[in-house]
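**Student:** Sharing a structure below in structure tokens format, with a few things to ask.
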Amino acid sequence: MPAIPTRCDSVRHVGCAVSGALSVTTAVEGAFSLVHGPDGCSHQFISLLHSLQMDQGRPGIPRVGSSRLSEREIIFGGIPALSRALESVFRHHPSVIFIISSCIAETIGDDISEVVGDDSRVPVIPIPIGGFIGGGFASGVNEALIRLAARAPAPPREKSGVAVIGEKNLEFDADAQYLEVKRLMSLLGQSVTVRFVRSMPYESLVDLASARLAVLRDSSVQHAGKYLSDTFKLPSLPAFPTGLSGTRDFLEKAGNLLGCDGKAAAEKEHELQEEVLGSFRSLKGKKGRFGPIPYESLLFAKELANCSGIRIGGDGPVLSVPDPVPAGTAGVRRVLSHWRRIL
Amino acid sequence: MMKMRQIAIYGKGGIGKSTTSANLSAALALSGRRVLQIGCDPKRDSTRMLMHGRLIPTVMDLVREKGDRDISLEEIVFPGFAGVRCVEAGGPEPGIGCAGRGIIATFQVLERLGALDSEIIVYDVLGDVVCGGFAMPMREGYAREIYLVTSGELMALYAANNISKAIERLSRNKKSLCRLAGVIGNARGTPGERELIAEFASRINSSLAAFIPRDPVVQQAELNRMTVLEFSPESAQAGHYRELAGTVTGEPVLTIPTPMEIGDLEELALSYATG
């Protein structure tokens with residue numbers, strides 16, 4: 001690992017591919033996610049998501065189940081156990097069922113697509129990520145996004161709207177990040193028609209295929225972005241905007257891709273940014289320093305310090321930056337507020 | 001109290017491990033020893049000749065049907081020729097599940113039922129050490145004296161050499177009890193076969209424990225669903241198996257093998273093939 005990790009190779013994106021896939025599939029409204037593996041594989045994720053939802057005031061047990069593989073299934077094969085589990089999932093009347101394979105299921109060679117028959121009660125989408133075999137957390141996210149996108153209908157002739165791709169559903173303030181992107185799009189006269197995937201009804205896949213632009217959450221979902229570009233000819237911006245100049249660049253690029261006046265939107269945003277910086281005038285001349293932070297965060301932090309007049313030296317308090325960096329001008333305001341408390 | 005001998009027969013698939021194991025067990029039993037033979041191969045045919053052609057229910061069959069808690073000793077241990085007690089581990093259907101894990105589960109069941117109690121236990125283990133599960137009898141100290149069965153054919157020597165690598169690797173653990181006890185030559189009629197196998201054994205830091213010549217009586221015995229010891233006890237072949245039994249019950253030199261490099265092994269096989 002390099003001395004200064006970039007966002008993509010930091011440990012945030014290393015981890016369990018099953019959890020990565022679940023972070024996507026559990027965000028489809030009414031979906032049921034079935035993990036083909038031992039109980040522990042799903043338990044860990046359910047606990048995490050449940051705690052997060054409680055914190056966010058969204059009580060309820062995540063709709064995640066397990067084929068409950070034990071030693072017996074490991075020896076003799078787990079497909080019968082998966083079939084039984086799938087049959088019981090139908091009783092929950094889900095809008096769509098995802099089947100995600102764990103490390104051990106893939107190791108013993110279970111083919112989860114075997115249980116997907118001609119039954120048309122509910123769409124059943126296998127995600128044969130195979131735990132560590134399929135890679136880390138980000139691989140699971142990408143694979144789930146791609147498998148789901150593959151179910152979208154063919155794009156219509158007339159396209160409209162913006163698709164937000166790969167929001168980090170385990171991020172505490174995922175909705176705040178989204179709202180900032182939505183606000184920026186409104187400066188271009190555009191509306192977000194689909195959040196792929198956060199609180200998305202399965203039927204909204206049609207909006208994915210018909211979108212004019214995709215905005216990826218960050219580079220960790222670039223594989224899904226490439227798939228959308230190849231499949232639906234959907235142009236994309238590679239990440240949510242960060243920083244002052246980054247947010248203005250984002251508007252200009254989005255304007256170019258959408259065929260509207262991005263420059264005007266960027267100028268308008270610049271005015272807002274000046275206002276924001278003005279409200280933090282008290283920071284000018286204060287002294288702080290940066291701790292060990294990812295390279296992208298460091299660039300963001302340097303710009304903010306420079307524009308707000310904070311002097312960066314060796315003996316000031318540590319100015320921390322959330323990872324990932326919060327989006328847009330709202331993110332700038334949030335970080336400066338945090339720094340003001342520290343300084 | 002007599003020390004329990006725990007012997008495992010490893011070798012390439014089809015090389016004659018089960019024939020050798022069954023005849024060895026028969027010879028040992030006929031010499032008055034209490035013998036348990038455990039087939040560790042999903043094919044479940046290790047003990048077939050001792051059971052006069054009967055394929056006995058396997059431990060894994062029972063685990064599949066009843067779970068691993070409701071199995072009794074009588075359901076998995078069957079008396080065969082000369083009183084040899086026969087067990088088959090079994091395994092999943094071909095192409096699904098994990099047979100290696102099945103071997104591990106079988107030993108857990110056998111241990112819990114107290115089945116691993118005999119003067120001599122002969123383990124007949126599937127072809128090659130294809131995964132950690134099949135190395136389990138060696139790794140966990142169930143099999144302490146390992147015999148490699150090979151012919152003079154390169155692929156059989158290659159498999160035997162691979163198994164010696166597994167033994168050598170396991171022996172790096174100071175607690176490991178498994179050692180190489182010898183190489184058994186099971187003739188296929190290649191040139192200079194006995195000498196080749198003896199030299200191979202020497203090169204991997206072991207010795208030729210026995211050389212079983214090719215003899216049609218083996219095929220005749222199997223067609224009659226018997227071991228050679230039962231079908232033709234006066235035959236020369238039966239004598240060879242008795243000789244092997246004598247070697248096994250003697251004091252074999254137990255070694256940590258020194259596996260050969262593949263290039264050296266090919267060179268050795270070639271030198272005999274071309275005379």
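**Student:** Restricting to DSSP H runs of at least four residues, report the calculated mean residue ellipticity at 222 nm for chain B, -39500 (n - 2.57) per run over all residues, nearest 500 deg cm²/dmol.
**Tutor:** My calculation for chain B gives -12500 deg cm²/dmol from helical runs alone.
**Student:** Something else now. To the nearest 10 degrees, how steeply does helix A:244-258 sit against the main Cα axis of chain A, on a 0 to 90 scale?
**Tutor:** 60
**Student:** Put a dot 7 Å past each Cα toward the Cβ at B:ARG54 and A:SER320; how far apart are the dots in nm?
**Tutor:** So the two model labels end up 7.2 nm from each other.
**Student:** GNM on chain A, C-alpha springs below 10 Å: top fluctuator among A:PHE300, A:PHE76, A:PHE280?
**Tutor:** A:PHE76
**Student:** Name the residue, out of B:ALA221, B:ALA99, B:ALA245, whose mean-square fluctuation peaks in a Gaussian network model built on chain B with Cα pairs under 10 Å.
**Tutor:** Largest GNM mean-square fluctuation: B:ALA221.
**Student:** Let me ask something additional. Using unit Cβ charges (K, R positive; D, E negative) and no other charged atoms, how large, in debye to the nearest 20, is the dipole of region A:281-342 about its Cα centre?
**Tutor:** 420
**Student:** Quote the FRET efficiency, to the nearest 0.05, computed for A:VAL116 versus B:ASP45 with a Förster distance R0 of 35 Å and r equal to the Cβ-Cβ distance.
**Tutor:** So, using R0 = 35 Å, E works out to roughly 0.45.
**Student:** Nearest 100 Å², what total accessible surface is buried between chain B and chain A (probe 1.4 Å)?
**Tutor:** The contact between A and B buries close to 900 Å².
**Student:** While we're here: How far is the Cα center of region A:79-109 from the Cα center of region A:300-343, in Å?
**Tutor:** Using only Cα atoms to place each centre, the spacing works out to 46 Å.
**Student:** Among B:ILE104, B:THR19, B:GLY90, whose Cα sits farthest toward the positive end of the charge dipole of chain B (+1 at Cβ of Lys/Arg, -1 at Cβ of Asp/Glu, about the Cα centre)?
**Tutor:** B:ILE104
**Student:** Throw me the Rg/Rh for region B:173-275, computed over C-alpha atoms with Kirkwood Rh, two decimals.
**Tutor:** That ratio is 1.04, to two decimals.
**Student:** Does region A:20-123 classify as rounded, prolate or oblate by the C-alpha gyration tensor (a ≥ b ≥ c root eigenvalues; a/c under 1.5 gives rounded; else a/b over b/c gives prolate, otherwise oblate)?
**Tutor:** Because a/c hits 1.5 or more and a/b fails to exceed b/c, region A:20-123 counts as oblate.
**Student:** Determine the relative contact order of chain B: mean sequence separation of Cα pairs under 8 Å and six or more apart, normalised by residue count, in whole percent.
**Tutor:** 23
**Student:** Hey, another quick one. Over chain A, with a Gaussian network built from C-alpha contacts below 10 Å, which listed residue (A:GLN190, A:GLN44, A:GLN222) shows the highest mean-square fluctuation?
**Tutor:** Greatest mean-square fluctuation among the candidates belongs to A:GLN44.
**Student:** Among A:GLY189, A:PRO80, B:ILE262, flag the residue with its Cα farthest along the positive direction of the charge dipole of the protein assembly as shown, charges on Cβ as +1 for Lys/Arg and -1 for Asp/Glu.
**Tutor:** Comparing the listed Cα positions along the dipole, A:GLY189 ranks first.
**Student:** Mind ranking B:LYS12, A:LYS168 by accessible surface for me, highest first, 1.4 Å probe?
**Tutor:** Order by accessible area, largest first: B:LYS12, A:LYS168.
**Student:** Can you tell me the relative contact order of region B:132-214? Whole percent, Cα pairs under 8 Å, sequence separation 6 or more.
**Tutor:** Normalised by residue count, the contact order of region B:132-214 is 33 percent.
**Student:** Can you figure out the FRET efficiency of A:LYS226 with A:ALA150, using R₀ = 22 Å and their beta-carbon distance, to the nearest 0.05?
**Tutor:** Computed FRET efficiency for A:LYS226 and A:ALA150: 0.95.
**Student:** Could you tell me the calculated FRET efficiency between B:THR258 and B:ARG112, based on Cβ-Cβ distance and R0 = 35 angstrom, to the nearest 0.05?
**Tutor:** It comes to 0.40.
**Student:** For chain B, find the longest principal axis of its Cα atoms and tell me its angle to the long axis of helix B:154-171, 0 to 90°, nearest 10.
**Tutor:** Value to nearest ten degrees: 60.
**Student:** Helix B:262-273 versus the longest principal axis of chain B: what is the Cα-based angle in degrees, 0 to 90, to the nearest 10?
**Tutor:** The angle comes out at about 70 degrees.
**Student:** Follow-up. Under a point spin-label approximation (7 Å from Cα along Cα-to-Cβ), what is the A:SER160-A:PHE132 distance to one decimal in nm?
**Tutor:** Here the modelled spin labels are 5.0 nm apart.
**Student:** Using Cα-Cα distances under 8 Å and only pairs 6 or more residues apart, what relative contact order does chain A have, in percent?
**Tutor:** Worked out over chain A, it gives 17 percent.
The values are calculated or read from the model by the stated rules, or taken from the named source; none is laboratory data. None of these values were measured; they are calculated from a predicted model. In this analysis, Cβ positions are derived from the backbone assuming ideal geometry, glycine residues included, and neighbour counts consider all displayed protein chains. To get the accessible areas, we keep the full protein, side chains included, count just its heavy atoms, and leave off ligands, DNA and RNA. Shrake-Rupley method; radii C 1.70, N 1.55, O 1.52, S 1.80 Å.
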